[in-house]
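Data block below; observations after.
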Amino acid sequence: MPDVSEAAIDTIVIGGGLHGLSASLHLARAGRRVVVLERSWVGRHASSSSAAGVRTLNRDLAELPISLESQDMWHNIEAIVGSDCGFRAYGQVNVAEHPKHVAVLEKRLALTRAAGYTHEELIDRAELTRLIPAISSHCVAALIVRTDGAADPHLTLRAFRRSAESAGVTIHEGYGVTAIERVGSDWQVHADGRSFVAPTVVNAAGAWAGDIAAMLGDDIPLGHKASMMIVTERIAPLLKPVVSVVGRPLSFKQSDQGTLVIGGGLQGSADIQAQKSFVDFSELAKGARAATDLFPSVGPLRIVRTWAGMEGKTDDHLPVVGPSPTASGVYHAFGFSGHGFQLVPVVGAILADLIVHGGTNRCIEALSADRLMARRPAA
Amino acid sequence: MSRTADLVIVGAGPAGMAAAVTARRHQLDVLVVDEQAAPGGQIWRDVEAVSCKPQAAFLGNAYHEGLAAVGRFRASGATYEPNTKVWQVEAGPRAFLTRDGAASSVKARSMLLATGAQERPVPFPGWTLPGVMTVGAAQIMLKTSGQVPVEPVWIAANGPLALLYAAQLLKMGGRIAGFLDTTPAIDVSATIPKLAAAAFAAPGDLLKGLGWIVNLRRHVPYIRHVARIEAFGTDRLERFRYETASGVAATVDAHLLLVHEGVVPSIHPTLSLGCVHNWLGGQDCFAPALDAWGETSEAGIFVAGDGGGIGGAAVASLRGEIAGLRIAARAGRISAVEAQAAAQPIRSRLKRALTARSFLDAFYRPRASIFVPADETIACRCEEVSVASIRAQAAIGRPGPNQIKASTRAGMGPCQGRQCSYTIASVLADAEGRQVPDIGLYRVRPPLKPLTLDELASLDDVGCPT
Ligand SMILES: Cc1cc2nc3c(=O)[nH]c(=O)nc-3n(C[C@H](O)[C@H](O)[C@H](O)COP(=O)(O)OP(=O)(O)OC[C@H]3O[C@@H](n4cnc5c(N)ncnc54)[C@H](O)[C@@H]3O)c2cc1C
């Protein structure tokens, strides 16, 4: 039985991560009555476990146009969600440790330049050590985007949640979607004993979005990631930019609190159905080695906590953003493959375009669900 | 480096040592690791070295029983690695450790967690000021280095450990400015039957406790039913105020205030393993669910000693022996029937040893404000989050501990919630009209012990069998 009180809603967003929140915020501001259904609590998965790097550097060219627009939105984030979300534009730097790795950086720079982009810049050792005095002197050069940076995932979640709610979005936590049916031209969504009916559904269910897509009739192959993070004790200011390195798994930065936040895509393991993830310390040791090689002074610091966060991963590591190729009224936003935090502001705006105006000027052709569905061998 | 063993035991206290001796009797290959420099655990800390020092004379008979237990353990043939921190335990079972700055892992057929208890945190306004410290920490100094505080100390505490410490301190020439007994007035009708049972089962223990109190009251100002404490000072403790249940209050100058409100099982390892835990209402804490042999809900992972529920040294040893038998059976060294037969007499002794427990639990139950302290109290000392700010968050939705952690940073600091998880759960339960067992504790994120980046970088378990 549909809830009478919910009869008036026109969009159901499944998943209360940052993408679900951003979509609901933009939709509500465009006048839609939106309900967010979140199985556990807002931000429980990828969005609160994120490294929250706001990075355009080294992005796939296919998602670079929307990523650059998202970057502008980040620089204006206070106006959008009433909080700076802890965003600090201290730059993102991809370091070459060996002369042979400089060629990798040069090749990347040539690629973006040829496509007409100028945001990336190659810097030499002198400029690198000027920007990051603590970095090991064996590093020879780096690619940098000076306007990139990082935010605080918890502040970002709080700001998006608060803005969505004040725009009129209703968030139901503890409601896991278990079945979806077509009822006339509407969708009836069943979640923990309640049901919700609306003509439009947004699938922002993160690592579980493949299951939701299947309930809606789309068979979209989705793998998963379980990226691991390390946080150390607090220390005096050590560096400002976010540092990654060619050929090794590392992303290294210092938070406002003074802790070092170390990630870089090293994989733990996950039992997606059980919603559990596990740290693999043998793997994580590689991250610790990369960190102490690049910043020898940090070796004695104590690790305070580590974790692995679960997220959906596609074959080509690009997200699925756009309407369902088969089901009307269904929109997908998932498969961010470990780099969706930066895209949060823009993807919500894109979904609102698609749902409210029936189309968007933004460049999302490469992100359609079709591309993945076509690849699946015929049964 | 990666190794294997039939049994890896974490913790060389009464439970761990007894299990090691039992498992070795059945020829298991046993590795015992412990953070401390010598076997004995909390109760028999450093007992071999101390037995030759002057303070030995003052530490009491129970301490000397430890010497015999350590002797049996040393002779058992178990591999013993002191100064070793276990910072991660996994199903498998597998343990990750560091020793001398190098990390390694051990894969075992069975793992016994004998990691004991931790002092229950004692939050009250001002409890984080330097100069306020726990009786347990003071006792460690007394046991290992014979350190007696120069100035007279104040003790505000509840429970046998504090009485024992006070007695030891006086014998070693220390001075006590005053003993504020925070044990609440007992509900006589509920406690008398338990007392009777306890007196019947273990009269010696009870008399010993009474003896300490009588002796203490003869030598130091002794104030009963202290219900409220508030500490003041700019950079460290300067003064504190106390008030009894009947409203008698005083403010005194002090530089050292020792507090204690009993101990709770240290459950971080079993929480991180995802083992099922039960709420022990009588002890106001969680403990891993264990079968009759001490096995947790994770196959091959056992708990013995205070980590499975507070029982004291004698209970811990017996439970260690029982677990050791089952572990020997798992390894195929004895049959299930043999293990059962061998366990029989130990279980009878265990039953007797446990009789006094429920009386002690009821008698020494902490006052309510230890669980839900006043608003201005710091709940999480690592991140300096007050009770008031937890309450403010509780007003938005019905958050659980993990959401509180994300929104306030409480529990994110170096102690990883060991100090504040019960306070957060109790404050949330109070604010949301729920029960602590329904609220639960933070999800535990590894490592279990602080580990440096250099130590993790040294981990090389290539070739580890999985
Ligand atoms: C460790 C780590 C580091 C990262 N670092 C970066 C970085 O530096 N930069 C960057 O740009 N990106 C980064 N990312 C990626 C980024 O965090 C994610 O792309 C982004 O947070 C995804 O948001 P989401 O809303 O799609 O997913 P989630 O936050 O996972 O939200 C999905 C939600 O759907 C809910 N859900 C699932 N199934 C159901 C159901 N049946 N019914 C109801 N609700 C359901 C889940 O409970 C969950 O809350 C990182 C990710 C991780 C894990």
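The values are calculated or read from the model by the stated rules, or taken from the named source; none is laboratory data. None of these values were measured; they are calculated from a predicted model. All Cβ positions, even for glycine, are placed from backbone atoms using ideal geometry, and neighbour counts span all protein chains on display. The protein model used for the area step is the full one, side chains on, heavy atoms only, and it has no ligands, DNA or RNA in it. Shrake-Rupley method; radii C 1.70, N 1.55, O 1.52, S 1.80 Å.
Assorted remarks:
- Exactly one residue out of A:LEU238, A:LEU250 is away from the ligand (no atom under 15 Å from the Cβ), at pLDDT 95 or above, farther than 21 Å from B:CYS415 by Cα and assigned by TED's automatic domain parsing to the domain that holds A:LEU131, and it is A:LEU238.
- None of B:ALA392, B:ALA425, B:ALA406, B:ALA431 is of a type in the set (Gly, Ala, Ser), facing another protein chain (nearest Cβ under 8 Å) and part of a helix (DSSP H, G or I) except B:ALA406.
- Only helices (runs of 4 or more DSSP H) whose full extent lies in the stretch B:326-378 are considered here, and none of them has at least 3 residues that are touching a helix residue (DSSP H, G or I) at 6+ places or on another chain (Cβ under 7 Å) and among the acidic types (Asp, Glu).
- Of the candidates B:ALA227, B:ALA254, B:ALA245, the single residue that is farther than 30 Å from B:LEU318 by Cα and touching a Ser or Thr at 6+ places or on another chain (Cβ under 7 Å) is B:ALA227.
- Cβ pairs under 6 Å, 6+ apart, first in the stretch A:61-77 and open to solvent by 50 Å² or more (accessible area, probe 1.4 Å), second in a helix (DSSP H, G or I): A:GLU69/A:VAL346
- Strands (runs of 3 or more DSSP E) lying entirely in the stretch B:233-285 (those with 2 or more residues that are among the hydrophobic types (A, V, I, L, M, F, W, C) and over 17 Å from B:ALA157 (Cα atoms)): B:277-280
- Positions within the stretch A:213-258 being within 22 Å of B:ALA457 (Cα to Cα), assigned to a loop (DSSP other than H, G, I, E, B) and basic (Lys, Arg), in sequence order: A:ARG248
- Within the stretch A:221-235, the set of residues being more than 13 Å from chain B (Cβ to nearest Cβ) and either open to solvent by less than 10 Å² (accessible area, probe 1.4 Å) or modelled with pLDDT under 95 (or both) comprises just one member, A:ALA226.
- Restricting B:LYS53, B:LYS85 to those that are in contact with a strand residue (DSSP E or B) (Cβ under 8 Å, 6 or more places away or on another chain) and open to solvent by 30 Å² or more (accessible area, probe 1.4 Å) reduces the list to B:LYS85.
- Hits in the stretch A:292-338 (condition: within 14 Å of chain B (Cβ to nearest Cβ) and either under 23 Å from the mean Cα position of the chain (by Cα) or closer than 18 Å to A:ILE14 by Cβ (or both)): A:ARG305, A:THR306, A:TRP307, A:ALA308, A:GLY309, A:MET310
- Residue that is farthest from A:ARG44 (Cα to Cα), among those in the stretch A:172-203 that are within 15 Å of the ligand (Cβ to nearest atom) and free of Cβ contacts under 8 Å to residues at least 12 places away in the same chain: A:GLU181
- Considering the stretch A:306-344, and only residues there that are under 20 Å from A:PHE281 (Cα atoms) and open to solvent by 20 Å² or more (accessible area, probe 1.4 Å), the residue that is farthest from the ligand (Cβ to nearest atom) turns out to be A:TRP307.
- Of everything in the stretch B:142-186 that is out of contact with any strand residue (DSSP E or B) (no Cβ under 9 Å at 6 or more places or on another chain) and at positive phi, the residue that is modelled with the highest pLDDT is B:GLY173.
- Screening the stretch A:254-268 for residues that are touching a Leu at 6+ places or on another chain (Cβ under 9 Å), within 10 Å of A:ILE230 (Cβ to Cβ) and open to solvent by less than 30 Å² (accessible area, probe 1.4 Å) and picking the one that is nearest to the ligand (Cβ to nearest atom) gives A:GLY263.
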